[in-house]
Every structure is written in C-alpha cells, then in structure tokens.
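Read-outs throughout are calculated quantities, based only on the coordinates presented, and are distinct from any laboratory measurement. Being a predicted model, the structure only gives us computed values, none of them experimental. Don't worry about glycine lacking a Cβ; one is built from the backbone with ideal geometry, like all the others, and counts go over all protein chains shown.
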Amino acid sequence: KKDAKDIFKDNIDSVVAIYCNFANKASTGTGFIINSNYVITNAHIVFDKDDPENTTLCENVFAKFNDSDTLYELEFVFASKELDICILHFAYESNYKSCSFANGDCVTGEKVYTIGNSKGKGLAILDGIVADNVREISGHEYMMITALVTNGNSGGPVFNENGELLGMVTSGSNDALVMNYAIPLKVILEFIKEVEQKEELKIL
C-alpha cells in the first residue's frame, strides 16, 4: 500500500487538466491517459451545459500536464452523455504514461485517492474512502466516495492504495460534501470496448 505522496508521484504524469473553449465561455475538468495517447474524461465537460438540447460540442479542447504551461490539443473521438464518458485523443501522437488498471471491483470502506483540476486551478490530490461500492442512480451504477471533489475534478481518476485505477469522478453533491460519485472502471472499459467495435478503433 502507498500513501498520498506516492500515489501522486506515481500517477501525476498520467493525469491532465482539461480546458474546453466554447463560443463565449470555457469549461475545465480532468482526464487520465490510457494506451499512451487516449484520454478519458466526462462528457459533460466537452458539451455546453447551457444548451437546452445538450448537443453543442466545445470548439476545441486542450490538455495540460502538471507543472507545465504547455497546452496539448486533443481531438474528440466519442462520447456518451447518458454514461457521462468521453474519449479524446492527442492530436499529435506521443508515448505518454498510461494509468494502471485495478483488478476486480472496489470494496466499501477502502481508501481511495483522486487527482483533479480543482476549480480549474491545477492538479491536486484528494483522499477519502469508498462509502458505498455500488450505488444505483437512474439505472446506472456508481461508487460513492468521500473525497471532497469540486468543480474541475470531474473526469479525474480514482485510485486505490496501490495506485491502480478504480474509476472516474463524475459528480458531487451540493448539500452533502462527502456524498460524491464515480463511474466504476468496469463501466468505463465496457463503454470503450463498444466504441472500439463501432468505430473500428483500438483504444485499449
């Protein structure tokens, strides 16, 4: 098992701050890297939340690594607004460090860490526990975590004590600070496999 400083050190190069530009505004979030060149984040970051039909995609999206001022252009690949998962790809391919996936489901009560672009001010690490490993909301499965996530943490990876990916932050609660939700890794992987078949891509 690792502590917070080890989790941050081992995974910070696999996490990016996300910045999206719309016609008259911007949004921020977090993403994590898989298979060297693909970035997983939340769909609600790249779509205009003020659009009544929620169909307006951002004009461009960029990634920024920790302690760097360089913006890397990302290309839209596919998204599910229902699942709140989005797949992006670095416009200029390179060999970036990927997250390691956990084997098996998370367990209620286990320690977790998440790295995110809190308030759009840069990447930082937060900790908590899995408050409930299976929480069903509107027919979809989530895990509830107590890490104090806020705006900008959406799309951030959730790690176990071994520094392995368990899921992705998707939403918080305005009236209950420790009732926050993450999409389980198995849901993300199932979605990616469906996209691979549909788009004839090799993402994983």
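Couple of notes before you dig in:
- For Rg and Dmax of the Cα atoms in Å, the candidate list reads [x] 16.2, 50; [y] 15.5, 45; [z] 19.2, 65; the entry that matches the value derived from this model is [y].
- A simple spin-label model places the labels of T150 and N95 3.9 nm from each other, with each point 7 Å out along Cα-to-Cβ.
- Convex hull of the stretch 72-139 built on C-alpha atoms - directionally averaged projected area, nm²: 6.9 nm²
- Only aspartates and glutamates eight or more places from K2 in sequence, or on another chain, were considered; those with a Cα closer than 18 Å are D10, D13, E110, D127, E161, E164.
- Helical contribution to [θ] at 222 nm, DSSP H n ≥ 4, -39,500 (n - 2.57), averaged over the chain, rounded to 500: -3500 deg cm²/dmol
- Within straight-line reach of K121, meaning a Cα separation under 17 Å, sit the following lysines at least 8 residues removed in sequence or on another chain: K25, K64.
- For the chain, Cys with no neighbouring Cys Cβ under 4.7 Å: C86, C99, C106
- Along the chain, the exposed loop sites are GluC sites (Glu not before Pro) outside DSSP states H, G, I, E and B with at most 11 other Cβ atoms within 10 Å, and the longest stretch free of them is 94-199.
- For the pair K121 and L189, label points projected 7 Å from Cα toward Cβ lie 3.6 nm apart.
- Rg followed by Dmax, in Å, when the stretch 110-204 is reduced to its Cα trace: 13.8, 43
- Distance between the C-alpha centres of the stretch 37-107 and the stretch 151-166: 14 Å, rounded to the whole angstrom.
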